[in-house]
1. For the stretch 2-48, what's the relative contact order in percent, using C-alpha pairs closer than 8 Å and at least 6 residues apart?
2. Would you work out the relative contact order for the chain, in percent, from Cα pairs under 8 angstrom that are 6 or more residues apart?
3. Distance between the C-alpha centers of the stretch 20-41 and the stretch 126-148? Whole Å please.
4. For the ranges 23-33, 120-130, what's the packing order if you count other beta-carbon atoms within 10 Å of each residue, average per peptide, and put the highest first?
5. Order 151-158, 78-85 from most to least packed using the mean count of other Cβ atoms within 10 Å.
6. Mind checking the angle between helix 157-176 and the chain's longest principal axis? C-alpha axes, 0 to 90 degrees, to the nearest 10.
Amino acid sequence: MEAAIALFVDGGVSAVTVDAVAARAAVAKTTLYRHWPSRQHLLMDVFRHFDHRFADPPPGAASIERLRDLSRQLAATLTSPEWQRALPSLLDVTRRIDEFADAHEFEMPGAGSMSRAIAALIDEGILPRGTPVGEVLVQIVGPLTLGALFDPERIDAAFTDRLVDRLIRGYASELTNGKEEVS
């Protein structure tokens with residue numbers, strides 16, 4: 001598995017072939033086929049290696065603090081050395097997701113937890129009713145991902161907190177401006 005992960009990080013999906021993994025691991029291809037019946041199965045295990053689950057925020061934390069905490073965890077993951085090396089290849093997978101039927105189970109780390117935190121902000125009236133959860137999620141994940149790619153040193157807890165706070169203020173301003181729903 002380590003050989004497949006290393007090939008993926010170094011060269012993306014196209015670099016992970018049964019021949020290349022066997023050569024890198026110094027094993028026979030039959031050994032690989034005993035563990036993975038196909039290249040696609042091998043790739044799915046590589047993807048699962050990067051499928052992190054985040055720690056739950058502290059019980060009783062305010063919804064905004066839960067979203068900040070999860071966003072900080074995402075930022076820490078994206079700027080970790082392993083993810084820094086793998087991020088371009090992982091982004092390529094998301095672009096080519098239809099080639100990997102089972103890859104639909106792979107999601108950006110923390111996406112489910114973050115979506116639930118955003119939904120709680122809507123339920124509590126902190127964000128307007130009708131605010132699209134997926135849209136808010138993209139507005140957090142996008143800047144963190146680009147920042148991790150181009151300027152990872154800048155992506156710290158303070159940056160992440162400012163990002164979340166500004167996003168919430170932007171949506172919340174629609175409440176104070178008389179709009180009750182986001183279209």
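Every read-out reported here was derived from the displayed coordinates using simple, explicitly stated rules and does not represent laboratory data. Keep in mind that what you see is a predicted model, and the values were worked out from it rather than measured. Methodologically, a virtual Cβ is constructed for each residue, glycine included, from the backbone with ideal geometry; neighbour enumeration extends over all protein chains shown.
1. Details: 30 pairs, mean separation 18.8, N = 47.
Across the stretch 2-48, relative contact order equals 40 percent.
2. On the way: 173 pairs, mean separation 44.4, N = 183.
After rounding, I find 24 percent.
3. Comparing the Cα centres of the stretch 20-41 and the stretch 126-148, I get a distance of 39 Å.
4. Numbers: 23-33: 13.3, 120-130: 15.7.
Output ranking for 23-33, 120-130: 120-130, 23-33.
5. Numbers: 151-158: 13.5, 78-85: 15.2.
For the peptides 151-158, 78-85, the packing ranking is 78-85, 151-158.
6. Relative to the chain, helix 157-176 is tipped by roughly 50 degrees.
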